[in-house]
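Scroll down for the structure; my scribbles are underneath it.
The values are calculated or read from the model by the stated rules, or taken from the named source; none is laboratory data. Not measured: the values here are computed from a predicted model. Counting neighbours? That spans all protein chains shown, and the Cβs are built from the backbone with ideal geometry, glycine included.
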Amino acid sequence: MSAHLDDDAELYALGLLEPESRARIDAHLATCDACLRLVGEAEETALQLAALLPVATPSPQSRARLLAAAGEPAPVRRLAWAGALAAALLLIALGGAWLQIGPARERRHASELAVATLVHSHFLHEAMETRAGAGGLAAKVVYARDGSWFYVLVDRAGGEIDVDATIAGRRWLAGAALREGDTATLLARPPARADSVELSRDGNVLASVRLRYR
Amino acid sequence: MADSRGLSRDDDALAADFIARRPDGLSRVYERYAALLAGVAGHVLGERAAAEDCLHDALLRVWQTPDSYRPERGSLRAFLVACVRNEAMSRLRGGGRRVERERRASALETVTLEPVEPADPVDAARVRAALARLPGEQRLVIESAYFDNLTQAQIAARLGLPLGTVKGRVALALRKLKVELAVEPR
Ligand SMILES: [Zn+2]
């Protein structure tokens with residue numbers, strides 16, 4: 001029989017323990033209701049802290065994926081089938097021209113979003129300074145005056161481009177730029193105003209720029 | 001309003017279905033808590049695809065582990081939030097380059113992220129007020145741990161404290177927060 005919990009109940013609830021410690025505690029909780037209640041109480045308090053976090057809406061696909069993995073079929077799968085059937089009929093109606101609906105649709109979504117974002121805000125732009133080894137790459141960052149988004153445009157990308165920003169001295173990973181032929185773009189919504197933006201490939205910096213909010 | 005312990009009838013029924021692993025149990029839990037849980041994961045991991053992966057793994061593990069949750073523990077909601085947060089923190093700590101690569105690979109998802117909705121503002125104000133009533137050093141460890149997602153060692157470094165002190169202070173702070181949350185707003 002393992003030891004009762006002390007301060008670990010609170011650390012557990014806040015996510016401060018390593019997986020090994022948690023596994024040890026889980027085993028104990030299965031046999032000890034006193035400690036189970038301690039952890040439960042700490043979890044209720046931690047739950048209240050979650051009220052300060054923004055909620056997010058997971059994609060419908062992620063719900064379907066979870067339920068499928070859990071082997072929970074009924075309503076969802078039927079719905080998914082209905083949707084798939086409708087999509088198939090639409091494809092037939094369109095003469096199969098939209099067969100690449102998956103990635104193509106996502107891509108259109110990204111560029112539509114970029115267009116809408118640019119049209120509806122006031123923005124600034126800066127050319128990025130390229131480093132040695134950047135090849136013929138040329139890039140520009142278009143960014144909102146209020147810092148709520150920035151849009152990276154890369155010409156002659158020459159491969160995958162990772163985009164990072166510096167926000168209040170900390171590094172923020174914006175993501176990989178979306179490639180279209182030899183160009184690449186990324187629309188990012190940083191948690192706060194980005195002070196600079198950097199492009200890299202395999203950890204090598206290709207270009208960077210400091211953003212000035214005038 | 002302050003129903004941290006009081007489970008609603010809905011939540012009770014939901015928990016009962018979940019515990020019994022009834023056919024709809026997981027999908028109903030998902031419908032009710034996914035936004036909250038995705039928010040918790042998203043706060044740690046920073047973006048949608050990584051948060052959804054985390055949510056997927058955490059929920060699936062809980063669902064597939066018999067007796068992973070017992071009602072004696074407290075609410076199912078609080079338990080699931082803790083599971084998801086723990087999974088997210090493990091990914092953040094252990095992932096290193098791998099998590100980074102995954103985050104980058106999923107940049108497309110970043111682009112299509114829907115704007116986040118604010119959490120219940122009344123509840124948020126109440127929690128903020130309770131946090132504000134904590135002694136400064138306690139508030140600081142809670143903020144470092146929960147909102148800045150720091151590890152015990154990182155908190156120790158930030159605050160210049162021995163590791164053992166951090167552990168005790170975090171625990172004390174959370175217990176004190178519980179007391180403050182129980183205080184009715186004046
Ligand atoms: Zn015990």
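Per-structure values
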quantity	calculated
Enumeration of residues in the range A:32-52 that are under 29 Å from the mean Cα position of the chain (by Cα) and either more than 7 Å from every other protein chain (Cβ to nearest Cβ) or farther than 16 Å from B:K176 by Cα (or both)	A:A50, A:A51, A:L52
Residue satisfying condition, being touching a residue at least 12 places away in the same chain (Cβ under 8 Å) and in contact with a Lys or Arg (Cβ under 6 Å, 6 or more places away or on another chain), within set A:A165, A:A207, A:A188, A:A176	A:A176
Whichever residue in the range A:175-214 is within 14 Å of A:R131 (Cβ to Cβ) and among the small types (G, A, S) and, among such residues, is surrounded by the fewest Cβ atoms within 10 Å (Cβ to Cβ)	A:G203
B:G96 at pLDDT 90 or above and either in contact with an Asp or Glu (Cβ under 7 Å, 6 or more places away or on another chain) or among the small types (G, A, S) (or both)	no
Failed condition for B:S90, given (1) facing chain A (nearest Cβ under 7 Å); (2) more than 19 Å from B:Y146 (Cβ to Cβ); (3) surrounded by fewer than 22 Cβ atoms within 10 Å (Cβ to Cβ); (4) modelled with pLDDT of 75 or more	(2)
Subset of the range A:14-31 [closer than 16 Å to B:R169 by Cα and assigned to a helix (DSSP H, G or I)]	A:L14
Flag for A:L11 being within 16 Å of the ligand (Cβ to nearest atom) and in a loop (DSSP other than H, G, I, E, B)	no
Residue list for the range A:132-183, filter: on the phi > 0 side of the Ramachandran plot and within 14 Å of chain B (Cβ to nearest Cβ)	A:G159, A:A168, A:G169, A:G175
Residue match in the range A:118-125 (condition: touching a residue at least 40 places away in the same chain (Cβ under 8 Å) and hydroxyl-bearing (S, T, Y))	no
Meets criteria (more than 15 Å from the ligand (Cβ to nearest atom), among the charged types (D, E, K, R), more than 7 Å from every other protein chain (Cβ to nearest Cβ) and under 28 Å from B:V127 (Cα atoms)) for A:E18	yes
Per-region count, the range B:61-70, residues in contact with a helix residue (DSSP H, G or I) (Cβ under 6 Å, 6 or more places away or on another chain) and facing chain A (nearest Cβ under 9 Å)	2
Candidates A:L47, A:L66, filtered to the one that is part of a helix (DSSP H, G or I), closer than 29 Å to B:L134 by Cβ and modelled with pLDDT of 50 or more	A:L47
